[in-house]
1. Among the numbered criteria (1) at pLDDT 95 or above; (2) within 17 Å of Leu11 (Cβ to Cβ); (3) not in a strand (DSSP E or B), which single criterion is violated by Gln100?
2. Test each condition in (1) open to solvent by less than 80 Å² (accessible area, probe 1.4 Å); (2) outside any strand (DSSP E or B); (3) at pLDDT below 90; (4) within 16 Å of Thr108 (Cα to Cα) for Met1 and report the one that comes out false.
3. Is one or more of the residues making up segment 77-90 touching a strand residue (DSSP E or B) at 6+ places or on another chain (Cβ under 6 Å) and part of a strand (DSSP E or B)?
Amino acid sequence: MSVEARVKAALDVFGDPVEKSFLCAAAGKRPPRYYTFACTSFGDDYGDDEPGCERWLIGVHLFAPLEENCLGRVRATKRALSDAGFTWPECTDASDQDGQHYVFECETVWELEVE
């Protein structure tokens, strides 16, 4: 299963929209609560000028209404990502007057096959 598929599967359990690199607000249809995410990968653990693994950085964004209590959802999101095999996420509260916005950052590593 790809990294993106693992992220989506981990977050789908909450029943809210989960989109890769897509901002629902930019599309003009913003649901009350939703997730977006983006993934970046790069080689790591180099030996003989070749990467030994591929490191993936994952950024997940949770958007919710201001009046909603999201503390339980923030904890559950961290647990869901960790249970899906990612490092325990760091979380930044980026909320503003328009709504709640939580940014989760975590990682995973994929070993590269030796040829």
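1. (3)
2. (1)
3. Yes.
The values are calculated or read from the model by the stated rules, or taken from the named source; none is laboratory data. Values in this document were obtained by computation on a predicted structure and should not be read as measured data. Because the Cβ atoms are built from the backbone with ideal geometry, glycine has one as well, and the counts that use them run over all protein chains shown. Quick note on the areas: whole protein, heavy atoms, side chains included, nothing else; ligands and nucleic acids left out. Shrake-Rupley method; radii C 1.70, N 1.55, O 1.52, S 1.80 Å.
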